[in-house]
Structure formats: C-alpha cells, structure tokens
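What follows is a single structure, written as structure tokens, with notes after it.
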Amino acid sequence: MENLRCARLRERLQENKLDGYLTFDTSDVLYLSGMPSEGCFVLVSREGDYIFAPLLLAEHARAVAGKSMTVVDDRRLLKAMAAIMKKKGLKKIGYDPDKVQVGLFKALESIPKVSWVGIGGFILSQRMFKDNNEIDAITQACRLTARSAKKCYEMLEAGLTEQETSFRLERLFQDGGSLKPAFETIIAFGENAAYPHHVVTPRKLRSGDSVLMDCGSSIKGYKSDLTRTAGFGKMSPKYQKIYRIVQESQSAGIAAVRDGVTAGKVDFVCREYIRKAGYGDYFVHGTGHGVGLDIHEPPRLGIAVKDILKEGMVVTVEPGIYLPGEFGVRIEDTVLVTKGGCKILTQA
C-alpha cells in the first residue's frame with residue numbers, strides 16, 4: 001500500500017530539486033511512518049522510503065510501517081544510510097537545521113559526495129494540512145478533553161489543591177483512552193490564573209476563586225488543546241464582566257476563522273474587541289496556534305501574521321485577560337478550518 005504522505009513529500013522533493021529529505025524529528029517520523037518511538041529516523045527519497053531503527057525497535061518499525069517503507073536495522077545506522085545513498089545515487093539531501101544537533105550534522109557532513117540543504121519546516125509545512133485520519137484522531141482527543149474538563153469542574157470542592165485537581169483531570173484522560181496528556185496541565189486558582197503559563201501549586205481552592213484549566217489529551221499521538229475558566233462559589237461583578245468580554249472576544253474570533261483569512265485577522269478581531277472594552281494591555285499573548293502531533297504547530301495566530309488559513313488546518317482560538325494579583329480569564333477551543341468557516345472540535 002502506498003504511503004500517501006511520503007508520496008506527497010516526494011512530489012515536493014522534485015519541486016525543490018532534491019534527491020531526498022532526512023528527518024530525525026520524532027513527530028515527523030511518526031507522521032511519515034507511524035513509528036511512535038524516539039530513536040528512529042526517516043529518509044524519503046526519489047528511490048524509495050526508509051526508516052532507520054535501532055535493533056530493539058526494528059520489529060515494531062516493521063509492524064507499523066508495513067510494506068510502504070524499507071526498515072533498516074543495522075548496528076551502525078548512519079553508515080548503513082550512507083551506503084544506501086551511494087548505491088541509489090542520492091547526492092542532494094534536505095534536512096531541518098533547527099532539529100539537527102551540531103555533532104550529528106558533523107557526522108552527516110562526513111558522508112562522501114552528499115550535499116546537505118537546510119530547509120526548515122519542510123515536513124511541518126505539509127503537516128499543517130490534516131487528512132481525514134488526523135482529523136478523526138484530533139477530534140477524539142478534543143472531545144475527551146472537553147468531557148473530562150467538564151467532569152473535573154463538577155468534582156471541585158473547597159480545600160482541593162491545584163495539584164490534586166490536575167491529577168484528577170489527567171486520570172480522567174487516562175480512563176478515556178489517552179496514554180498521556182498533550183502537555184503539562186495548567187490548573188490555576190484565583191490570583192494564580194493571572195499567569196498565562198502558571199505551574200500548578202499546593203494552593204487550595206476557596207469560595208470566590210476563579211478556576212482556570214488549560215489542558216489537552218492525546219489520541220494516537222495527536223493533541224488537543226482547551227482552556228476553560230469558571231467561578232467557584234459567588235463571583236464578583238468584576239469577574240463576571242471580564243469573563244463576558246473574553247467570551248464575546250472568543251466568539252468573534254471563532255466567527256472570523258475560515259479558509260482564505262489571514263491568521264493575523266483572527267488575532268486582530270479578538271484583540272480589538274478586548275481593546276475596545278478597555279483591557280487591551282491585559283491580553284498578553286497571541287490568539288492561537290496550530291495543533292497536531294505537536295501542541296504548537298504553524299500557523300501562529302498573532303499580531304500582523306500574514307499566513308493564510310486554509311481548509312484542513314486545525315488551530316486554537318484563545319483570547320484572555322489577566323489582572324495581576326486578582327485573577328485571569330482565558331477561553332480556548334480547538335477548531336478545524338473549513339471553506340465557509342470552522343468547526344469547533346472541543347465539544348463534550
């Protein structure tokens with residue numbers, strides 16, 4: 001069975017006049033081969049596709065790659081790759097300079113008669129566009145995350161710590177079939193929610209606290225990303241006002257997402273709504289980012305970003321307002337870009 005992802009990459013090799021492309025990136029390897037373990041690398045070339053696997057991983061690699069790729073399990077993998085390049089006449093090979101350590105690159109440069117061409121994000125630019133299998137996995141992860149967050153909010157009780165809440169939420173992910181969270185879960189109570197990338201603490205939940213959960217589960221390696229903020233007990237009028245502003249900003253941003261719109265336009269819509277409400281200085285991060293095998297992928301939804309959103313991309317929309325010493329509110333959903341708009345995936 002033909003590996004369609006490698007076939008598409010091979011077409012792009014021809015467009016860039018390359019004989020092959022080499023990647024050591026774990027997410028790229030999973031995308032191209034189905035191999036979920038670290039320690040393998042992949043060469044896609046005009047003369048065939050190869051996954052290079054340590055001996056202990058070779059059988060696993062054969063099981064997941066099937067007949068679509070040649071599995072190479074020599075004890076000296078770089079030497080085996082050099083022999084293949086010589087035999088197949090592969091002389092111009094692309095790689096991502098941001099993902100190859102200096103020592104490894106020196107070893108690659110020692111391979112005779114091979115010219116290395118640095119092209120950052122070559123595979124990642126292809127991964128921006130999700131196929132049906134990817135969309136299905138992301139959707140499953142998003143639904144699990146939304147259900148789990150909803151249930152976790154229902155389980156809140158005074159005296160519970162941020163750490164305990166995080167453990168409960170991640171256990172709900174596991175019970176739903178996610179082997180591990182998509183990223184380090186953020187649970188922030190009260191004043192801690194004013195830090196966008198807060199690290200959970202033993203801080204205990206009290207009546208009147210805002211509760212921010214930024215979380216994601218993984219299915220088949222694909223990530224989800226969701227943030228919810230809710231009040232525990234009776235909330236102040238100021239909190240209710242801020243929540244409404246963020247909620248309306250996010251709704252406007254989601255309504256702006258569609259095929260053909262710039263990523264910067266979505267950011268502008270969210271940011272301008274919050275600015276007009278008088279809290280522009282308290283929206284301190286970008287509006288969103290792509291999601292897939294990595295929790296942060298292109299495109300980035302930020303100020304003046306000119307990348308064009310296209311059908312099949314999956315992005316987040318996550319405006320927020322953060323008031324130091326008081327509380328923070330962020331609302332985030334993961335959405336699939338469609339021709340006429342977008343589909344919210346993070347629904348319970």
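Read-outs: derived from the displayed coordinates by stated rules, not from any lab. Values in this document were obtained by computation on a predicted structure and should not be read as measured data. In this analysis, Cβ positions are derived from the backbone assuming ideal geometry, glycine residues included, and neighbour counts consider all displayed protein chains.
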Prolate/oblate/rounded call for the range 101-258, Cα gyration tensor, a/c under 1.5 rounded: prolate
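Over the chain, what is the mean sequence separation of C-alpha contacts under 8 Å (at least six apart), divided by residue count, expressed as relative contact order in percent? Intermediate values should be presented prior to the final figure.
Values: 744 pairs, mean separation 50.0, N = 348.
Reported as a whole number, the value is 14 percent.
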Inter-label distance for GLU272 and ASP136, nm, one decimal - labels placed 7 Å from Cα along Cα-to-Cβ: 4.0
Cleavage-rule hits, GluC sites (Glu not before Pro), the range 265-341, DSSP coil, Cβ neighbours within 10 Å at most 16: GLU311, GLU326
Whole-Hz ³J(HN,Hα) from phi, Karplus 6.51 cos²θ - 1.76 cosθ + 1.60, for the range 177-192, glycine and proline x: x, 9, 5, 7, x, 5, 6, 5, 4, 10, 10, 9, 9, x, 4, 5
Electrostatic dipole magnitude of the range 227-332 [Cβ: Lys, Arg +1; Asp, Glu -1; Cα centre; debye, to 20]: 440
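Cα gyration tensor of the range 4-127, axes a ≥ b ≥ c as square roots of the eigenvalues: rounded (a/c below 1.5), prolate (a/b > b/c) or oblate? Please list the in-between numbers first.
Working: a/c = 1.35, a/b = 1.13, b/c = 1.19.
In terms of gyration-tensor shape, rounded.
Given a Förster distance of 45 Å, report the FRET efficiency between LEU78 and THR338 from their Cβ-Cβ distance, rounded to the nearest 0.05.
On the way: r = 44 Å, r/R0 = 0.97.
About 0.55, to the nearest 0.05.
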Top positive-direction residue, dipole computed over the range 42-191 with Cβ charges, set LEU169, TYR95, VAL114: VAL114
Total charge dipole magnitude, the chain, about the Cα centre, Cβ charges on Lys, Arg, Asp, Glu only, Debye to nearest 20: 580
Unsatisfied cross-links (Cα-Cα over 24 Å) in the set LYS265/LYS310; LYS241/LYS306; LYS306/LYS343: LYS241/LYS306
Sites TRP116 and GLU326, calculated FRET efficiency, Cβ-Cβ separation with R0 45 Å, nearest 0.05: 0.30
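Go through 71-81, 132-142, 190-200 and give me the packing order, highest mean Cβ count within 10 Å leading. Intermediate results must be reported in sequence, preceding the final value.
On the way: 71-81: 15.6, 132-142: 19.5, 190-200: 17.9.
Most protected by this proxy first, the peptides run 132-142, 190-200, 71-81.
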Distance between modelled label sites at HIS197 and LYS241, nm, 7 Å Cα→Cβ extension: 3.1
Protection proxy ranking, peptides 178-188, 277-287, 214-224, average beta carbon neighbours within 10 Å, highest first: 214-224, 178-188, 277-287
FRET efficiency, 1/(1 + (r/R0)^6) with R0 22 Å, evaluated for GLN347 and ARG171 via beta carbons: 0.55
